[in-house]
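Colleague: Provided herewith is a single structure, encoded as structure tokens, for subsequent inquiry.
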Number of protein chains: 2
Amino acid sequence: MKAPMLAQIQGKLVVSCQALEDEPLHSPFIMSRMALAAMEGGAAAIRANSLIDVQQIMQTVDLPIIAIIKRDYPSSDVYITATLREVDELMVANPAMIALDATLHTRPGDLQLPALVAEIRQRYPQLLLMADIATVEEARKAAELGFDCVGTTLYGYTAETQGCYLAADDCRFLRDVLAAVTVPVIAEGNVETPEMAAHCLALGAHAVVVGGAITRPQQITRRFVNAIS
Amino acid sequence: MKAPMLAQIQGKLVVSCQALEDEPLHSPFIMSRMALAAMEGGAAAIRANSLIDVQQIMQTVDLPIIAIIKRDYPSSDVYITATLREVDELMVANPAMIALDATLHTRPGDLQLPALVAEIRQRYPQLLLMADIATVEEARKAAELGFDCVGTTLYGYTAETQGCYLAADDCRFLRDVLAAVTVPVIAEGNVETPEMAAHCLALGAHAVVVGGAITRPQQITRRFVNAIS
């Protein structure tokens, strides 16, 4: 029952439609139209943040969703679907897949990652789980925990990987993760150009997630402005 | 009194924020947030279509606007600010600049381009006028008519230039226009990458307008999808 979505996105583009509170496009309405634009452009799935965005997007497009909730906890630097509370919240919309931080960083509260995964599996046996990781060790542990896929999402976004970029050294990190695990690996994080997206797939990524380069016009504008100044 | 806006955009990026009725982002609210994103990213001005979009954008960002109204007339293939009616309509918002089709194509009604320009100058002496052209001859005639600047906007979008691309032959068309007129030349139309934008300015363009590559996510998505399939 789970296989279809992973098969659906194989070799394809997933578009991440996110605008946080401090961003100009912050609005469930706008994100739902962004998702529609992505679908028109040929996206195979949408990654989205927050229950309301996921709900509006699911009402607007007929594509599978990778859902997350970004929420800061004072006691932890884990912020992507950090606890069971966020999973329960997202399951109101019943997305095909939920992604969560699967780094080795301390989570809020007492629940450790293995117990969290076990609890999610028990509550929602049909749900696909994506592990957002930043190191090869985290990818390996996530695969051992039974995540359905791992994503390079957090590479460059954790304290120990700060300053790292997915594109560096011919996508070395992506290649290392691909060599370390047998579950599908999804390339995500700073995929800035069509060429880089194609290259990630050629290296063996199961799918590629592109966010800001498509759905953050402020970021795209900045890239043009930097080139001309 | 007119100079400031042209000086403001010199060597800079103008972001075109347009979504027509059949596009997923069609909405004055969304376009106003797009304009805000462009401003955050460092855009020097906004090009926008329709009075309502121009008004909402002017309420949202403090940037000069190049305003147009795209409206189809059954008797003519001129559709960018084709008649005095569209100019009067846009002047409700009082934008710094209005762009209009300045091709040699037959306009709707009886008014010829020279008479239209003369009438606009009389009614709105402070308004800057941009000539959207598709051929060198049209650029030359527009400059003679006293347009404040010419834009390569329609190159590739008229019957006789179909299939032409601004980037072709090291931006040959842009270079030809630059050689033919002394008014500022604005590079616009299929400027797809930061590198191409920088190149247009290096060749001597006064400013560069980027639209779809920043504000049409369906088009950007398509570019990624094409690269990976």
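The values are calculated or read from the model by the stated rules, or taken from the named source; none is laboratory data. These numbers were taken from a predicted model, which means no experiment stands behind them. Cβ: placed from backbone, ideal geometry, glycine included. Neighbour counts: every protein chain shown. For accessibility, only protein heavy atoms count, side chains too; no ligands or nucleic acids. Shrake-Rupley method; radii C 1.70, N 1.55, O 1.52, S 1.80 Å.
Colleague: Would you pick out the residues in the stretch B:21-35 that are open to solvent by less than 30 Å² (accessible area, probe 1.4 Å) and either in a helix (DSSP H, G or I) or at pLDDT below 95 (or both)?
Modeller: Going residue by residue through the stretch B:21-35, those that are open to solvent by less than 30 Å² (accessible area, probe 1.4 Å) are B:23-25, B:27, B:30-32, B:34-35.
The answer is B:30, B:31, B:32, B:34, B:35.
Colleague: Of the residues in the stretch B:1-25, how many are under 24 Å from residue A:26 (Cβ atoms), within 12 Å of another protein chain (Cβ to nearest Cβ) and under 18 Å from the mean Cα position of the chain (by Cα)?
Modeller: Result for the stretch B:1-25: 5.
Colleague: Here is a follow-up. Against the definition (among the charged types (D, E, K, R) and closer than 30 Å to residue B:22 by Cα), how does residue A:40 come out, yes or no? Write out each step before concluding.
Modeller: On the way: among the charged types (D, E, K, R): yes; closer than 30 Å to residue B:22 by Cα: yes.
When the stated conditions are applied, residue A:40 passes them.
Colleague: Right, something else. Within the stretch A:205-222, identify whether any single residue is open to solvent by 60 Å² or more (accessible area, probe 1.4 Å), free of Cβ contacts under 8 Å to residues at least 40 places away in the same chain and in contact with a Leu (Cβ under 7 Å, 6 or more places away or on another chain), and answer yes or no.
Modeller: Taking the stretch A:205-222 and keeping what is open to solvent by 60 Å² or more (accessible area, probe 1.4 Å), we get A:219, A:222.
Right, trim to free of Cβ contacts under 8 Å to residues at least 40 places away in the same chain and you get A:219, A:222.
Applying the additional criterion that residues be in contact with a Leu (Cβ under 7 Å, 6 or more places away or on another chain) yields none.
Among the residues of the stretch A:205-222, not one is open to solvent by 60 Å² or more (accessible area, probe 1.4 Å), free of Cβ contacts under 8 Å to residues at least 40 places away in the same chain and in contact with a Leu (Cβ under 7 Å, 6 or more places away or on another chain), which makes the answer no.
Colleague: Give the residue, chosen from A:215, A:161, that is in contact with a helix residue (DSSP H, G or I) (Cβ under 9 Å, 6 or more places away or on another chain), among the β-branched types (Val, Ile, Thr) and away from every other protein chain (no Cβ under 14 Å). Outline the logic, then answer.
Modeller: Numbers: A:215 fails: away from every other protein chain (no Cβ under 14 Å).
A:161 is the lone residue from the list that is in contact with a helix residue (DSSP H, G or I) (Cβ under 9 Å, 6 or more places away or on another chain), among the β-branched types (Val, Ile, Thr) and away from every other protein chain (no Cβ under 14 Å).
Colleague: Restricting to helices (runs of 4 or more DSSP H) lying wholly in the stretch A:47-142: which have 2 or more residues that are touching a Pro at 6+ places or on another chain (Cβ under 9 Å)? It would help to see each step written out before you state the result.
Modeller: Values: elements: A:51-60, A:84-90, A:113-123.
Helices (runs of 4 or more DSSP H) meeting the threshold: A:51-60.
Colleague: Among the listed residues B:201, B:174, identify the single one that is within 16 Å of residue B:6 (Cα to Cα) and either touching a residue at least 24 places away in the same chain (Cβ under 8 Å) or under 13 Å from the mean Cα position of the chain (by Cα) (or both).
Modeller: Working: B:174 fails: within 16 Å of residue B:6 (Cα to Cα).
Matching residue, one of B:201, B:174: B:201.
Colleague: Sticking with this one: Residues in the stretch B:41-78 that are over 29 Å from residue A:223 (Cβ atoms), open to solvent by 20 Å² or more (accessible area, probe 1.4 Å) and either within 15 Å of the chain's Cα centre (by Cα) or touching a residue at least 40 places away in the same chain (Cβ under 8 Å) (or both): how many?
Modeller: 3
Colleague: For residue A:194, all conditions in the list (1) over 14 Å from residue A:15 (Cβ atoms); (2) within 10 Å of chain B (Cβ to nearest Cβ) hold save one; what is the number of the exception?
Modeller: Just one mismatch for residue A:194, condition (1).
Colleague: Still on this structure, I have one more. Just to be sure before I move on: is residue A:157 of a type in the set (Phe, Trp, Tyr), open to solvent by 10 Å² or more (accessible area, probe 1.4 Å) and farther than 22 Å from residue A:190 by Cα in the structure I sent? Please lay out each step first, then the result.
Modeller: On the way: of a type in the set (Phe, Trp, Tyr): yes; open to solvent by 10 Å² or more (accessible area, probe 1.4 Å): yes; farther than 22 Å from residue A:190 by Cα: no.
In short, no.
Colleague: Kindly provide the set of residues from the stretch A:168-182 that are buried (at least 20 other Cβ atoms within 10 Å of the Cβ) and outside any helix (DSSP H, G or I), ordered by number. Can you show your working first?
Modeller: As a first pass, look at the stretch A:168-182 and keep what is buried (at least 20 other Cβ atoms within 10 Å of the Cβ): A:171, A:173-174, A:177-178, A:181.
Passing the criteria: only A:181.
Colleague: Could you go through the stretch A:180-196 and let me know if any residue there is closer than 30 Å to residue B:200 by Cβ, without any contact (Cβ under 8 Å) to a residue 24 or more places away in the chain and aliphatic (A, V, I, L, M). Working first, answer last.
Modeller: Narrowing the stretch A:180-196 to residues closer than 30 Å to residue B:200 by Cβ: A:190-196.
If we keep only those that are without any contact (Cβ under 8 Å) to a residue 24 or more places away in the chain too, we end up with A:193-195.
Add one more test, that the residue is aliphatic (A, V, I, L, M), and what stays is none.
Within the stretch A:180-196, not a single residue is closer than 30 Å to residue B:200 by Cβ, without any contact (Cβ under 8 Å) to a residue 24 or more places away in the chain and aliphatic (A, V, I, L, M).
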